[in-house]
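S.K.: The structure that follows is given in the form of structure tokens.
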Amino acid sequence: MPRLADATEPAVAHAAALLRAGEPVAFPTETVYGLGADTFNEAALDRVYELKGRPADNPLIAHVLGADQARRVAVGWDDRCERLAGRYWPGPLTIVLGRAPAVPLRATAGWPSIAVRAPGHPVARALLEAFGGPVSAPSANVSGGVSPTTAAHVVADFALAADLLVLDGGPCAVGIESTVVDLTAAVARVLRPGGVAASQLSELLGEMVDDSIGTQGPGPGTTMRHYAPRTATELVDESALHGRLAESVEPAVVLCFDDAPIVPPHRAIVMPPTAEAYAARLYAALREADEAPGSLILVVRPPGREGLWSAVMDRLIRATHRHAR
Ligand code: TXA
Ligand code: MG
């Protein structure tokens, strides 16, 4: 089993020492837990790919304290970046820029660009400060699976990694991953929706921001099936739920807003009605449903479309996509 440690000051100092020694460390951010390694240590980055089973062509986000560190790993930090970072950093916004020549190819899976984000979680920031450099970290889950929003989720995914230190900073407040915006082309483009909407970015930058990539874009890390439980998972309209349950021969776990129509052997997990609370609960609920007996998870389609609901829908569409990983 990995080693779970409350994120006290000595534990954070120890984690930073491990990073310096080229070991990966799992740590909390406000979005999801990350599995971090020294951005400048290729062997440590290899270990992250290996632990996650991450495809070798899917690049990592470099976590930084702010603009100064971002400029060490990225080229093209311009006025737009200043404005975005000024408004949204530290926080759940990731900016894709050109990769600085000093950054090892492994940190960006060979891509000429690099994603940078300044996390807001105090433990992530304390770790970055104690380490003193950028930390490349994907979400701390097995590749393709449900992202982790508690330290226990990380321990469950990496049960076999006996030497992995997991800093426990409690449940993640945002609960879904950062918005990823690509500034390497003439038109800014949202590669992954998150809490910061394209319209907000567009308003701040005073220019068009393309969010048409939706759930089927080209480029790194855009596989359709992602964030997926092992159990078959389907998205259903509230109005179709009764019929779907009636035809199911297997007990189902239903992520719903109202548990009234759900009777044994089916089981309800009642989800919160607001997008913020839903997002914060989503991955824990999917994991709970995955652990429960039964071979079907039904997710009732949320009513909202705007703002954070569109990021939630992105995750639900990917989690319920049928194609093989
Ligand atoms: O909220 C988050 O972003 C979390 C926490 C830990 O910071 N991290 C996270 O990392 O979600 P990961 O690796 O699970 O997802 C990173 C996403 C992937 O879709 C990846 O393809 C994209 O960012 N990405 C990373 N570097 C990129 C690059 N150079 N160009 C385009 N996309 C990139
Ligand atoms: Mg991920």
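Throughout, read-outs are computed from the coordinates displayed, never taken from laboratory work. Only a predicted model underlies this, so the values are computations on that prediction, with no experimental measurement involved. Counting neighbours? That spans all protein chains shown, and the Cβs are built from the backbone with ideal geometry, glycine included.
S.K.: Relative to the longest principal axis of the chain, what angle (0 to 90°, nearest 10) does the C-alpha long axis of helix 9-20 take?
M.R.: Helix 9-20 sits roughly 70 degrees off the main axis of the chain.
S.K.: How large is ³J(HN,Hα), in whole Hz, for each residue of the stretch 152-161 in order, when computed from phi with the Karplus curve 6.51 cos²θ - 1.76 cosθ + 1.60 and θ = phi - 60°, using x for Gly and Pro?
M.R.: 5, 4, 5, 4, 4, 6, 10, 3, 8, 8
S.K.: Any idea what the dipole of the chain comes to, in debye rounded to 20, about its Cα centre with Lys/Arg Cβ at +1 and Asp/Glu Cβ at -1? Kindly include the intermediate steps, with their values, before the conclusion.
M.R.: Details: 28 positive and 36 negative charges, 102 e Å.
The calculation lands at about 480 debye.
S.K.: Order these peptides, 193-202, 161-170, by their mean beta-carbon neighbour count within 10 angstrom, highest first.
M.R.: Top to bottom by mean Cβ count within 10 Å: 193-202, 161-170.
S.K.: Search the structure for amide H atoms under 5 Å from the amide H of Leu164, placed 1.01 Å from N in the peptide plane, and list their residues when 5 or more places away or on another chain.
M.R.: For Leu164, the qualifying residues are Arg3.
S.K.: Of Val181, Ala275, Thr39, whose Cα points farthest to the positive end of the dipole of the chain (charges on the beta-carbon: +1 Lys, Arg; -1 Asp, Glu; origin at the Cα centre)?
M.R.: Going by the Cα projections, it comes out as Thr39.
S.K.: For Gly36, enumerate residues with amide H under 5 Å from its amide H, sequence gap 5+ or separate chain, H modeled in the peptide plane.
M.R.: Residues meeting the amide H criterion: Val25, Ala26, Phe27.
S.K.: So what's the net charge close to Leu4: Lys and Arg +1, Asp and Glu -1, counting the other residues with Cβ under 15 Å from its Cβ?
M.R.: -3
S.K.: Could you order the peptides 228-240, 138-150, 304-316 from most to least packed, using the average number of other C-beta atoms within 10 Å per residue?
M.R.: Those peptides, ordered most packed to least, come out 138-150, 304-316, 228-240.
S.K.: What is the angle, in °, between the Cα long axis of helix 238-247 and the longest principal axis of the Cα atoms in the chain? Nearest 10 is fine, range 0 to 90.
M.R.: Its long axis makes an angle of about 60 degrees.
S.K.: Shape call for the stretch 130-275 from the C-alpha gyration tensor, a ≥ b ≥ c root eigenvalues: rounded (a/c under 1.5), prolate (a/b greater than b/c) or oblate? Could you put the intermediate results ahead of the total?
M.R.: Working: a/c = 2.17, a/b = 1.31, b/c = 1.66.
Here the stretch 130-275 falls in the oblate category.
S.K.: Hey, what number do you get for the chain at 222 nm if only DSSP H runs of n ≥ 4 count, each worth -39500 (n - 2.57), divided across all residues, to the nearest 500?
M.R.: -9500 deg cm²/dmol
S.K.: Same structure again: Could you give each residue of the stretch 297-304 its phi-based ³J(HN,Hα) in whole Hz, using Karplus coefficients 6.51, -1.76, 1.60 with θ = phi - 60°, and x for Gly or Pro?
M.R.: So the J values, rounded to whole Hz, are 10, 10, 10, 6, 4, x, x, x.
S.K.: What's the angle, to the nearest 10 degrees (0 to 90), between helix 308-319's Cα axis and the longest principal axis of the chain?
M.R.: Result, in degrees: 70.
S.K.: Read phi for every residue in the stretch 51-58 and hand back ³J(HN,Hα) as whole Hz from Karplus 6.51 cos²θ - 1.76 cosθ + 1.60, θ = phi - 60°, with x for Gly and Pro.
M.R.: For the stretch 51-58, the Karplus-derived couplings read 4, 7, x, 7, x, 5, 9, 9 Hz, x marking Gly and Pro.
S.K.: Among 26-36, 203-213, 109-119, what's the highest-first ranking by average C-beta atoms within 10 angstrom per residue?
M.R.: 26-36, 109-119, 203-213
S.K.: What does DSSP give for the chain in terms of the percent of beta bridges that are antiparallel, rounded to the nearest 5? Kindly include the intermediate steps, with their values, before the conclusion.
M.R.: Details: 17 of 44 bridges.
If I count the DSSP bridges inside the chain, around 40 percent turn out antiparallel.
S.K.: Classify the stretch 94-147 from the C-alpha gyration tensor, please: rounded if a/c falls under 1.5, else prolate or oblate depending on whether a/b exceeds b/c.
M.R.: Judged from the Cα gyration tensor, the stretch 94-147 comes out oblate (a/c at least 1.5, b/c at or above a/b).
S.K.: Can you give me the long-range amide H partners of Leu255? Hydrogens built in the peptide plane at 1.01 Å from N, cutoff under 5 Å, separation of 5 or more residues or another chain.
M.R.: Ile269, Leu298, Val299, Val300
S.K.: Let me ask something else about it. Could you work out how far the C-alpha centroid of the stretch 281-315 sits from that of the stretch 86-125, in angstrom?
M.R.: So the two Cα centres are separated by 27 Å.
S.K.: Rounded, prolate or oblate: which one fits the stretch 1-141, using the alpha carbon gyration tensor with axes a ≥ b ≥ c (rounded when a/c is under 1.5, else prolate when a/b beats b/c, else oblate)?
M.R.: Oblate.
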